[in-house]
Amino acid sequence: MTNTTLHLFKQNFKFSSAHFLIFDEKRAEKLHGHNYQVAVALRSAPEGSAHQGGVPDAELPERGYLVDFNVLKKFIRTELNQWNEMVLLPKQHQDMKISEKGASLEVHFRERFYVFPKNEVVLLPVTNTSVEQLSRILAESFFKEFKKYGLSHVRVRVEETSGQGASTLVSTGA
């Protein structure tokens, strides 16, 4: 059995966001930002897998490609744009207290107090805004969308600086 892996690492697969990492019950980084870069690897479904719009490797010689790159790139860019120029906050951290006040979000984190425009904040379903968690959220989202194209594995790498990041693999287990 063979599997082909598609690799997408485009200059515009990026987002610039502010965050802070929480280390333990006493220490956390100051609010700061990164120009995150994202790479995506997608593996074809094994022979006999159900699919729409894509092909398993067994059909690759006939069609010549697995799935249209443009479809994948459009979805990836759309997802990343939701985080671009936003403040990313971990909604599930026990010390993060968030309340809406009109068009603002008031955020209490331990001794810190922030007020952000509500439309400039993304509350993520995580306990920390680490590259590990960001890559997991993206990998799960991409996998949910791309499995309909016959792709069985999605790996997403998020780098906060060149050479420093994390990746997450989501797969059908095939």
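Before moving on, here are some points about what is shown:
- Here the contact order of the chain, divided by its residue count and restricted to Cα pairs under 8 Å and six or more residues apart, works out to 26 percent.
- Computed on the Cα trace of the chain, the radius of gyration divided by the Kirkwood hydrodynamic radius gives Rg/Rh = 1.06.
- Remark: the chain carries a charge dipole of roughly 200 debye about the Cα centre, counting +1 on each Lys and Arg Cβ and -1 on each Asp and Glu Cβ.
- Taking other C-beta atoms within 10 Å as the exposure proxy, Thr78, Thr4, Thr168 rank Thr78, Thr4, Thr168 from fewest upward.
- In the chain, the sites counted are chymotrypsin sites (Phe, Trp or Tyr not before Pro) in DSSP loop states with at most 12 other Cβ atoms within 10 Å, and the longest stretch holding none of them, exclusive of the sites, is 66-174.
- Within the stretch 140-163, backbone nitrogen closer than 16 Å to the virtual label 7 Å beyond the Cα of Gln92 toward Cβ: 140-141
- Inter-label distance, nm, simple model (7 Å from Cα along the C-beta direction), Thr4/Arg110: 5.1 nm
- A straight line joining the Cα centroids of the stretch 117-142 and the stretch 9-36 runs 10 Å.
Rule-based calculations on the coordinates, nothing more; no lab input. All of these numbers come straight from a predicted model, not from anything done at the bench. With ideal geometry, Cβ positions are generated from the backbone for all residues, glycine too; neighbour counts draw on all protein chains shown.
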